[in-house]
1. Once the piece of chain linking Ser252 and Asp144 is laid out straight, how much longer is it, given 0.36 nm per residue of separation minus the C-alpha distance between them?
2. What is the packing order of peptides 39-49, 221-231, 110-120, taking the mean over residues of other C-beta atoms within 10 Å and listing the highest first?
3. Between Val223 and Arg241, how many nm apart are label points set 7 Å from Cα along the C-beta direction?
4. Rounded to the nearest whole Å², what accessible area per residue is found for the chain with the 1.4 Å probe?
5. Rounded to a whole number of µm²/s, how large is the Stokes-Einstein D of the chain at 20 °C and 1.002 mPa s, given Rh as the Kirkwood radius over C-alpha pairs?
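The values are calculated or read from the model by the stated rules, or taken from the named source; none is laboratory data. Everything numeric here is computed off the predicted structure, so don't read it as measured data. FYI the Cβ positions are ideal-geometry reconstructions off the backbone, even for glycines, and counts take in every protein chain you see. Heavy atoms of the whole protein, side chains included, go into the accessibility calculation; ligands, DNA and RNA do not. Shrake-Rupley method; radii C 1.70, N 1.55, O 1.52, S 1.80 Å.
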Amino acid sequence: MTGRDGGADIGPLGDFDPVVILVRPQLAENIGTTARAMANGGLFHLRIVAPRDGWPQERAWYASSGADRILDAAQVFETVDDAVADLHRIFATCPRPRHVVKPVMTARGAAAELRVASTRGLRTGILFGPERAGLDNEDMARADTLVRYPLNPKFMSLNLAQAVLIMAYEWFLTEDMTPPRELMTNETHVATKGEMENFMSHLIRDLNETNFLRNEQKRPGMVRNLRHFFTRGEVTEQELRTLHGVVSELSSARRNRS
């Protein structure tokens, strides 16, 4: 699919969302995969500074996996100064130490700053350098803040789309309300304490009938251990019904043998 075919409906284009600025990118495929990474994280504004092979390049659309709207709307500039002229704050990714005195933030910290700026109605941009060497000192002189990713110090090699995806992911997380942990229960629900206590009463009653809890001295501890076991996780109502059936069936089989 190419930009001429329309591409995917990838979401709204917010007026104050950060702009991704690719400085002197070399390969059309890298621009396309960058657009794909942007769409994954909810970044939709792309600017390209002095692309080596010109623009547009059809191979970028083929590599974007349907992120056509981003490429269709991409703006091209001759210089970094032109690309950032209408923006209020500029962040620049910087994988290697440079002799520059500027604040340095992680991707997560930078994303939080970008979100705050967005809510204040400030226009922001993130500079990403050429694939081979990254941003030079002149490029970074245009930025307010540098962004450095906390990766394995012995291997910090990222391609362009990967670098953009990390920032896009952190940007998305600043507004995402998905809980960090959840239990998929499908058509049942996590058992209430009342439902759990009903099952425990059933279990203890049958254990008393089998004389399993005959040791009065150990009985309280044994009951507590059973309670801890069944309350340790989020047991569902369906699972409790199954356990009720198991206990009932075992009791029935015991009575039949008697």
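1. Roughly 31.4 nm would be gained on extension.
2. Peptide ranking by packing, descending: 39-49, 110-120, 221-231.
3. 2.8 nm
4. On a per-residue basis, the chain sits at 58 Å².
5. Details: Rh = 22.5 Å.
Taking Rh from Cα pairs, D becomes 95 µm²/s.
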